[in-house]
Amino acid sequence: MKVTKMNLSLAACAGILLAAMGQARAATPDEAKMVAESKRIVSQYKTLMQSPPGRVPSRDVVDGPLLGNGNLGAVISGPPEAQKYWISKNNFWRLKDGHRQGGPRLFGGLDVNINDLKGATYRVEQDIYPAITLSTFTKGDTTVTMKSWVAATADYLLVELSVTGKPVEVQTKLWVASGRGSKEQIGRKDGLPWVTKAFEKDVKIPTSAAAMLKIVGANEPSFTLEPSKPITVAVAMQSSMDDKDPLSAAQKLAAELNADKVAKLAAEHAAWWQDFWAKALVEIGDPVIEKAYYMANYMMGSGTRDKDFPAGLFSLWVTHDDPRWAGDYHLNFDFQSQYYGLYKSNHIEQADTFHGPILAFMEKGKWYAKEICKTRGVLYCVGIGAKGIDTCQQGNRTGGPLQLGGCFMGQKCNAAYSVVPISMRWFHTYDLDYAKIVYPFVLEVANFWEDYLKFEDGRYVIHNDSIQENSGSDVNSIMSLGLVRCVFETAVDMSKEMGVDADRREKWQHILKNLSKFPTQELDGKTVFRYTEKGTAWIEGNSCGIQHIYPSGAIGLDDDPKLLEISRNTLDARGRKWSGDNGENSQYPAAVRVGYKPESLLEKLRGLCASRKMANGLVDCMEQCSTVPNSINEMICMSHHQVLRLFAVWPKDKDALFWNLRAEGAFLVSSAFKSGVVQFVKIHSEKGRDLTLVNPWPGKAIDVYRDGQKIDTLKGDRVTMKTKAGETVTLGPEGAGLPKTD
């Protein structure tokens, strides 16, 4: 990697980062390098907005600058003279069962009004590396700058105002949004304005939240902003999920805030985001795709951290009291697909917000399975909420898409789909503590499918399971066939590693061996997959017919070439749906997994980046956050079924580099590709598992180095190497010497 100059030494910079993280040790050279390189690469990518956003407020996605720390979020709108910050919190929900009854809710916001800026120029730059938005408004010889950020380590929205030229009068206002069934209050304490919003009646679990306004550098919400005298406007917010008395908690946060505290928060904020960006890096020489890669990861880094209340459909940026689709966790791929790119990108903190709502719904899922399908295990409906609420329940009705009031759209696969991110997390980390938390859910999903599958004529068959919402009584939905395979592969592997349920593996392996084959058909003279064996044959503009490839992981480069050809034919048959529907998060990584032409893939991906981004430079919905990062990661560091392939689906004439991408088997992998040749492979083994590698230097043996010393030579087109937990090894072609890794 190329290392650029910094004001501090690399070791000192990384040392500050580690100190802020509470780690009392010196930074290693690799850590220092990652800090420097992450700044060089990621800081290139900013979004400039030269007119106010047009989709704020909205019942769904918004196009204003987005700020967040995974718990507290804000989106900015309005003209220069009337800047408006819409504030939400991931754990502020109306917790009630029922269609459009429960879900995340807009809390309120902050107004910053400067009448002197009417007619001013508008320039807002969203800078993702420091996670700060810089707004600059100029009128005549007066320029007002607003530096806005949500503190990474505490629930504050902070807006630092400064002016050059003439002084301006500033009026700030803290406001609370009225809602359906909510109770709002406003007041002042010790001269500080506060607001509260609560859902106390006719709910399953009462919730409330409070915010307080604090001006650092002035005594009142209205003040004169003078040159060389910046003032920070701050909002402190807490909910009843943070503290039993959120108003007192918010007041305490506000009372602690002074200039020294703001400086400390700024240092912690910088350290947290430095650490986030230094987890893993890619550099591919394509600024359009690279920008989309890091912008998507920014959305996940700023949008989800609360394990009980992860990001819903619109994450922290809910600007309406009645968000579309309840703003909930849709389980027929929308919720799960946010997470696909996090595992290889090594953002495990964000990834670990997935399973909380899934586990919380288990009791209701068991009831649905028993009462509707007469089975053990769990049956999940299309949409669920936090804390076990059923966001799509519509009373005790049966018929159509509803069964016992639950909305299933004819699909049986929602719980199986929820195993997918759990499976990815498991195979990429082999974390036994994690397995102990999620295995009970995996086991219940396995219980359901053990009972629901029918063994007919020597194979297991899935009956009465719509592949698409309300597509009918389909038989052997190709999507469910892939998902069920994922469930039992995960159950078998987890149970072996945990040393439990050995007596059940024979049945699970029998299911895996005898599950029905994927149905096919002829379309325009080519063999493609049929969406179901009986029932729905094809749905134009729908990605369900490829989701057995990805994310289920049922097909990869080790499979029969004929099966791979059928897979590629199916992807081509979807035609324009490389862009324009919401299935791209499966389409692109599926294409990588089956060896689609890489040049064409990058061209299509580049077009997708241009077509789907919003005015703020971000993707248009959370479910697409994985599309670009995941596709690129798979192209350059594929580890499907624990076989590591480097640059397997990558153009031979395009240089690329990556550092610390996570591979199945709990490995962190770094490598570079230049002039058509892999330059080195560096592997850190977290768990000491065996590593299987497709030889990146065909026809040559592989030299293995530890601590700069050659320790082994491996021969073959595919090699298996023993590793030790915690060790790092470097690989190069035999006889070439220790490869350079920088």
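The values are calculated or read from the model by the stated rules, or taken from the named source; none is laboratory data. The shown structure was predicted, so the numbers you read here are calculated from the model rather than taken from an experiment. FYI the Cβ positions are ideal-geometry reconstructions off the backbone, even for glycines, and counts take in every protein chain you see.
Whether a residue is assigned by TED's automatic domain parsing to the domain that holds K374 and touching a helix residue (DSSP H, G or I) at 6+ places or on another chain (Cβ under 7 Å) was assessed, and G406 passes this test. Of all residues being surrounded by fewer than 22 Cβ atoms within 10 Å (Cβ to Cβ) and touching a helix residue (DSSP H, G or I) at 6+ places or on another chain (Cβ under 9 Å) in the range 214-229, which is farthest from L106 (Cα to Cα)? Just the residue, please. Among them, the one singled out is G217.
Remark: pairs (first residue in the range 89-104, under 9 Å from A326 (Cβ atoms); second residue part of a strand (DSSP E or B) and among the basic types (K, R); Cβ separation under 8 Å; 6+ apart in sequence or on different chains) = Q101/R94; G102/R94; G103/R94. So, in the range 558-574, of the ones that are under 18 Å from I467 (Cα atoms) and without any contact (Cβ under 8 Å) to a residue 40 or more places away in the chain, which residue ends up surrounded by the fewest Cβ atoms within 10 Å (Cβ to Cβ)? The extreme case among them is R574. The single condition among (1) in contact with a helix residue (DSSP H, G or I) (Cβ under 7 Å, 6 or more places away or on another chain); (2) not in a strand (DSSP E or B) that F658 does not meet is (2).
What are the residue pairs meeting all of these: first residue in the range 193-208, first residue over 9 Å from S182 (Cα atoms), second residue of a type in the set (D, E) and not in a loop (DSSP other than H, G, I, E, B), Cβ atoms under 8 Å, and 6 or more apart or on different chains? Listed by first residue and then by second, the contacts come to V195/E184; T196/E184. Candidates T133, T47: the one that is within 24 Å of the chain's Cα centre (by Cα) and either modelled with pLDDT under 95 or on the phi > 0 side of the Ramachandran plot (or both) is T47.
Give me the residue from the range 316-339 that is within 24 Å of F427 (Cα to Cα) and hydroxyl-bearing (S, T, Y) and, out of that set, surrounded by the most Cβ atoms within 10 Å (Cβ to Cβ). Checked the range 316-339; the qualifying residue surrounded by the most Cβ atoms within 10 Å (Cβ to Cβ) is Y339. I'd like to check something: does the range 639-648 contain any residue that is crowded, with 23+ Cβ neighbours inside 10 Å and under 19 Å from the mean Cα position of the chain (by Cα)? Within the range 639-648, not a single residue is crowded, with 23+ Cβ neighbours inside 10 Å and under 19 Å from the mean Cα position of the chain (by Cα).
Might you check whether a residue that is within 20 Å of L158 (Cβ to Cβ) and either crowded, with 20+ Cβ neighbours inside 10 Å or in contact with a helix residue (DSSP H, G or I) (Cβ under 6 Å, 6 or more places away or on another chain) (or both) occurs anywhere in the range 340-350? No: the range 340-350 contains no residue that is within 20 Å of L158 (Cβ to Cβ) and either crowded, with 20+ Cβ neighbours inside 10 Å or in contact with a helix residue (DSSP H, G or I) (Cβ under 6 Å, 6 or more places away or on another chain) (or both). Look at F427 and say whether it is farther than 15 Å from V500 by Cβ, in contact (Cβ under 8 Å) with a residue 60 or more places away in the chain, touching a Gly at 6+ places or on another chain (Cβ under 6 Å) and surrounded by 21 or more Cβ atoms within 10 Å (Cβ to Cβ). So F427 does not fit the description; no. Against the condition surrounded by fewer than 23 Cβ atoms within 10 Å (Cβ to Cβ), charged (D, E, K, R), farther than 15 Å from Q338 by Cα and not assigned by TED's automatic domain parsing to the domain that holds P696, how does R606 come out, does it pass? So R606 fits the description; yes.
Residue-wise test of (1) surrounded by 14 or more Cβ atoms within 10 Å (Cβ to Cβ); (2) part of a loop (DSSP other than H, G, I, E, B); (3) of a type in the set (A, V, I, L, M).
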site	(1), (2), (3)
S473	no, yes, no
S480	yes, no, no
V484	yes, no, yes
F488	yes, no, no
V492	yes, no, yes
Y531	yes, yes, no
G541	no, yes, no
G556	yes, yes, no
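Exactly one residue out of S675, S685, S631, S671 is more than 27 Å from Y343 (Cα to Cα) and of a type in the set (S, T, Y), and it is S675. On inspection, T692 passes the criterion of being assigned by TED's automatic domain parsing to the domain that holds V677 and either touching a residue at least 12 places away in the same chain (Cβ under 8 Å) or in contact with a strand residue (DSSP E or B) (Cβ under 7 Å, 6 or more places away or on another chain) (or both). Of all residues in the range 667-696, those satisfying the criterion of being over 22 Å from W426 (Cα atoms) and of a type in the set (F, W, Y) are F673, F680.
Any residue at all in the range 581-590 that's more than 19 Å from I478 (Cβ to Cβ) and among the hydroxyl-bearing types (S, T, Y)? No; the residues of the range 581-590 include none that is more than 19 Å from I478 (Cβ to Cβ) and among the hydroxyl-bearing types (S, T, Y).
Residue-wise test of (1) touching a residue at least 40 places away in the same chain (Cβ under 8 Å); (2) out of contact with any Lys or Arg (no Cβ under 6 Å at 6 or more places or on another chain); (3) farther than 21 Å from N582 by Cβ.
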{"position": "L257", "(1), (2), (3)": "yes, no, yes"}
{"position": "A263", "(1), (2), (3)": "no, yes, yes"}
{"position": "H269", "(1), (2), (3)": "yes, yes, yes"}
{"position": "V282", "(1), (2), (3)": "yes, yes, yes"}
{"position": "F309", "(1), (2), (3)": "yes, yes, yes"}
{"position": "G327", "(1), (2), (3)": "yes, yes, no"}
{"position": "Q338", "(1), (2), (3)": "yes, yes, no"}
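Considering A296, A311, the condition of being under 13 Å from the mean Cα position of the chain (by Cα), more than 21 Å from P206 (Cα to Cα) and of a type in the set (A, V, I, L, M, F, W, C) is satisfied by A296 alone. The residue that is modelled with the lowest pLDDT, counting only those in the range 580-614 that are under 20 Å from the mean Cα position of the chain (by Cα) and not in a helix (DSSP H, G or I), is K613.
Scanning the range 500-516 finds one or more residues that are surrounded by fewer than 18 Cβ atoms within 10 Å (Cβ to Cβ), within 24 Å of L563 (Cα to Cα) and among the hydrophobic types (A, V, I, L, M, F, W, C). Determine whether G301 is on the phi > 0 side of the Ramachandran plot and either crowded, with 22+ Cβ neighbours inside 10 Å or of a type in the set (G, A, S) (or both). Criteria not met by G301. Candidates are the residues of the range 510-561 that are small (G, A, S) and over 29 Å from the mean Cα position of the chain (by Cα); the one that is farthest from V643 (Cα to Cα) is G535. Do we have any residue at all in the range 393-401 that's part of a loop (DSSP other than H, G, I, E, B), surrounded by fewer than 24 Cβ atoms within 10 Å (Cβ to Cβ), touching a residue at least 24 places away in the same chain (Cβ under 8 Å) and basic (K, R)? Scanning the range 393-401 turns up no residue that is part of a loop (DSSP other than H, G, I, E, B), surrounded by fewer than 24 Cβ atoms within 10 Å (Cβ to Cβ), touching a residue at least 24 places away in the same chain (Cβ under 8 Å) and basic (K, R). Of the numbered criteria (1) out of contact with any Gly (no Cβ under 6 Å at 6 or more places or on another chain); (2) surrounded by fewer than 22 Cβ atoms within 10 Å (Cβ to Cβ); (3) assigned to a helix (DSSP H, G or I); (4) not aliphatic (A, V, I, L, M), the one P651 fails is (3).
Annotation: of all residues in the range 280-318 being modelled with pLDDT of 95 or more and of a type in the set (S, T, N, Q), the one that is farthest from E623 (Cα to Cα) is S302. Cβ-Cβ contacts under 8 Å between residues 6 or more apart (or on different chains), taken from a first residue in the range 31-42 that is within 14 Å of Y294 (Cβ to Cβ) to a second residue that is in a helix (DSSP H, G or I) and not aromatic (F, W, Y), are listed as S38/Q274; K39/Q274; I41/E290.
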